[in-house]
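The values are calculated or read from the model by the stated rules, or taken from the named source; none is laboratory data. From a predicted model like this one, the values you see are computed outputs, not experimental measurements. Don't worry about glycine lacking a Cβ; one is built from the backbone with ideal geometry, like all the others, and counts go over all protein chains shown. Heavy atoms of the whole protein, side chains included, go into the accessibility calculation; ligands, DNA and RNA do not. Shrake-Rupley method; radii C 1.70, N 1.55, O 1.52, S 1.80 Å.
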Amino acid sequence: MASISGKDPYAALRYKEFNIFLCMRFAFVFARTMQFIVIEWEVYKLTKDPLSLGVIGLMEVIPAVTLSLYAGHVVDQKEKKSLLMKCILGFSFISAGLFLLTWPKFVSDLPQQWILYGIYSLVFFGGIVRAFLGPSLFSMFSLIVPKKIYPNAATWNSSIYQLAAVLGPALAGFSIHWIGVHWSMLLIFGFSLIAVIALTRIPKKPILNPKLGEPVLKSLKEGVKFVINTKIILGVISLDMIAVLFGGAVALLPVFAQDILKVGPEGFGVLRAAPAIGSVLIMFTSAYFPLNKKAGIKLLAAIFGFGLSIIIFGLSTYFLVSVFALFLSGMTDGVSMIIRQTILQLKTPDHMRGRVSSVNSMFISSSNELGAFESGLTAKIMGTVTAVVFGGSMTVLTVLVTGFISPTFRRLDLQKDIDAHEANDQ
């Protein structure tokens, strides 16, 4: 039988539930990325302090990291659809709160500092939601499609994510200009409700964990031990964590848009969307040209290119050059994302997906917010341009060191795992 994952670029899309899952994911990611941009713009407008942009990330990452391991345990013990529904409804509540905090009639008598603290508080609550969201999505994904098409499904899943991440920030920039921050938040709330409606069309899934009722500490210990002992998963998580931590230039885009490039909210939307456009193009291409062979070398090259593009962006004083550099960063990050997601899906047992995803969230997803804080702090100390160049340089250095000391990583090839899954299904 022909290789489904290698010969059919639409293999995953032939499953109805997966298409519904993609619709739900698109609506939610669109709302979430748009909301983050609107919050960034409003906070910087209120404070004119780049460190405040880092505080946004810090407010979200504190609860996300603190609760991450426990969230993974809960996800492995509970039904996935119900947990995911609670997460999306929680996000909708946050959007409604931000709608009120950006309503001039509602906040006209409130001190600016109170408004700022209110926004930070809702972002903090969003971190709690996020702790459970990542493991729930990761676990549900694996219950919708068979293992033999995980790579193809991961490609489409990542592509839809990035497509939403293109349109969300782009619309955020334009909607701030057209209808203002307040009504932009109402639009975000509407997209979160679309995600809720889509999720209702997916039936509940079975719980595959054979150790239901297992004590929390024992469960968490087993999950962490698995990640540590599975060297390829640990290596991928560690490499990307450092790259994202030091390559978080996107968090400083409001500073570049308003003070360096001086391109206003429309230009800000373009800058914010440029990386995601690059990711979308590379991801749709990879559906036809899979990245499974020599995946280790491709992953190292992608993250190395990401670091170089961040350096170019930091040094640029021309809008088009900055957009192109961010576009390249998105292309290289897209390659990295597909390979990382494929590794995690192929190497993680079904009954441990929540816990492995939670560990991944602690060191990868949360490093986006830590990277935002690092960028804000270094911008405060070094200056904005120097901070971005420093971050890109550290990313390049990390890749060079990893490639030199880890020949196993360089030799990583995922095609053998995929062929094994297809052989088992025949």
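Of the residues that sit in segment 337-354 and are of a type in the set (S, T, N, Q) and under 22 Å from Tyr70 (Cα atoms), which one is farthest from the chain's Cα centre (by Cα)?
Restricting to residues being of a type in the set (S, T, N, Q) and under 22 Å from Tyr70 (Cα atoms), the top hit is Thr348.
Only one of (1) under 30 Å from Tyr288 (Cα atoms); (2) open to solvent by 20 Å² or more (accessible area, probe 1.4 Å) fails for Pro104. Which number is that?
(1)
Mind checking whether some residue in segment 29-50 is part of a loop (DSSP other than H, G, I, E, B) and open to solvent by 30 Å² or more (accessible area, probe 1.4 Å)? Can you show your working first?
Applying the first criterion (part of a loop (DSSP other than H, G, I, E, B)) to segment 29-50 yields 48-49.
Then drop every residue that is not open to solvent by 30 Å² or more (accessible area, probe 1.4 Å), which leaves 48-49.
The answer is yes; a qualifying residue exists.
When you look at Ile197, is it assigned by the TED database to the domain that holds Lys48, closer than 30 Å to Thr348 by Cα and without any contact (Cβ under 8 Å) to a residue 12 or more places away in the chain, yes or no?
Considered against the rule, which asks whether it is assigned by the TED database to the domain that holds Lys48, closer than 30 Å to Thr348 by Cα and without any contact (Cβ under 8 Å) to a residue 12 or more places away in the chain, Ile197 comes out as yes.
It is to be established whether one or more residues within segment 200-208 are under 21 Å from Ser136 (Cβ atoms) and open to solvent by less than 50 Å² (accessible area, probe 1.4 Å).
The answer is yes, given that some residue of segment 200-208 is under 21 Å from Ser136 (Cβ atoms) and open to solvent by less than 50 Å² (accessible area, probe 1.4 Å).
Answer with yes or no whether Thr386 is more than 22 Å from Gln415 (Cα to Cα), open to solvent by 30 Å² or more (accessible area, probe 1.4 Å) and not in a helix (DSSP H, G or I).
On the way: more than 22 Å from Gln415 (Cα to Cα): yes; open to solvent by 30 Å² or more (accessible area, probe 1.4 Å): yes; not in a helix (DSSP H, G or I): no.
The answer is no for Thr386.
Pick out the one residue from Glu42, Glu60 that is touching a Gly at 6+ places or on another chain (Cβ under 8 Å), acidic (Asp, Glu), under 26 Å from Val250 (Cα atoms) and touching a residue at least 40 places away in the same chain (Cβ under 8 Å). Before the answer, list the steps.
Details: Glu42 fails: touching a Gly at 6+ places or on another chain (Cβ under 8 Å).
The conditions single out Glu60.
Only one residue in Thr155, Thr66, Thr102 is within 29 Å of Ile282 (Cβ to Cβ), hydroxyl-bearing (Ser, Thr, Tyr) and out of contact with any Leu (no Cβ under 6 Å at 6 or more places or on another chain), so which one is that? If you could, list the steps in order and put the result at the bottom.
Details: Thr66 fails: within 29 Å of Ile282 (Cβ to Cβ); Thr102 fails: within 29 Å of Ile282 (Cβ to Cβ).
Only one candidate qualifies: Thr155.
Only residues in segment 156-181 that are assigned to a helix (DSSP H, G or I) count as the first member; pair them with residues that are at pLDDT below 80 and of a type in the set (Val, Ile, Thr), Cβ under 7 angstrom, at least 6 apart or cross-chain, and list the lot.
Ser159/Val280; Gln162/Val280; Leu163/Val280; Val166/Val280
Among the residues in segment 241-253, are any open to solvent by less than 20 Å² (accessible area, probe 1.4 Å), over 19 Å from Val385 (Cβ atoms) and in the same structural domain as Ser361 (by the TED database)?
Yes: one or more hits.
Considering only segment 153-187, state which residues are in contact with an Asp or Glu (Cβ under 8 Å, 6 or more places away or on another chain), open to solvent by 10 Å² or more (accessible area, probe 1.4 Å) and of a type outside the set (A, V, I, L, M, F, W, C).
His177
Would you confirm, using the coordinates I've provided, whether Asn209 is assigned to a loop (DSSP other than H, G, I, E, B) and either outside the structural domain of Ala302 (by the TED database) or at pLDDT below 85 (or both)? Full working, then the answer.
Details: assigned to a loop (DSSP other than H, G, I, E, B): yes; either outside the structural domain of Ala302 (by the TED database) or at pLDDT below 85 (or both): yes.
So Asn209 fits the description; yes.
Tell me, which residue of segment 109-126 that is open to solvent by less than 40 Å² (accessible area, probe 1.4 Å) and at pLDDT below 90 is farthest from Ser68 (Cα to Cα)? Explain how you work it out, then say what you get.
Keep residues of segment 109-126 that are open to solvent by less than 40 Å² (accessible area, probe 1.4 Å), which gives 115-116, 118-120, 122-123, 126.
After this cut, where a residue has to be at pLDDT below 90 as well, the list is 115-116.
Details: Ile115: 28, Leu116: 26 Å.
The qualifying residue farthest from Ser68 (Cα to Cα) is Ile115.
Would you confirm whether or not segment 70-80 contains a residue that is within 20 Å of Ser219 (Cβ to Cβ), assigned to a helix (DSSP H, G or I) and among the basic types (Lys, Arg)?
Checked segment 70-80: at least one residue is within 20 Å of Ser219 (Cβ to Cβ), assigned to a helix (DSSP H, G or I) and among the basic types (Lys, Arg).
In segment 1-24, what residues are at pLDDT 80 or above and open to solvent by 40 Å² or more (accessible area, probe 1.4 Å)?
Tyr10, Leu13, Arg14, Tyr15, Lys16, Glu17, Asn19, Cys23
Here's the yes/no breakdown for (1) part of a helix (DSSP H, G or I); (2) farther than 30 Å from Ile176 by Cβ; (3) among the polar types (S, T, N, Q); (4) in contact with a Ser or Thr (Cβ under 6 Å, 6 or more places away or on another chain):
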site	(1), (2), (3), (4)
Val236	yes, yes, no, no
Val270	yes, no, no, no
Lys293	no, yes, no, no
Gly296	yes, yes, no, no
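When you check Leu320 against the structure, is it out of contact with any Leu (no Cβ under 6 Å at 6 or more places or on another chain) and either open to solvent by less than 10 Å² (accessible area, probe 1.4 Å) or closer than 30 Å to Asn152 by Cβ (or both), yes or no?
The answer is no for Leu320.
Can you find even one residue in segment 128-143 that is in a loop (DSSP other than H, G, I, E, B) and open to solvent by less than 20 Å² (accessible area, probe 1.4 Å)?
No, segment 128-143 contains no residue that is in a loop (DSSP other than H, G, I, E, B) and open to solvent by less than 20 Å² (accessible area, probe 1.4 Å).
Kindly provide the set of residues from segment 323-344 that are open to solvent by 10 Å² or more (accessible area, probe 1.4 Å) and either without any contact (Cβ under 8 Å) to a residue 60 or more places away in the chain or assigned by the TED database to the domain that holds Asn157 (or both), ordered by number.
Val323, Phe324, Phe327, Leu328, Met331, Thr332, Asp333, Val335 - these are the residues of segment 323-344 that are open to solvent by 10 Å² or more (accessible area, probe 1.4 Å) and either without any contact (Cβ under 8 Å) to a residue 60 or more places away in the chain or assigned by the TED database to the domain that holds Asn157 (or both).
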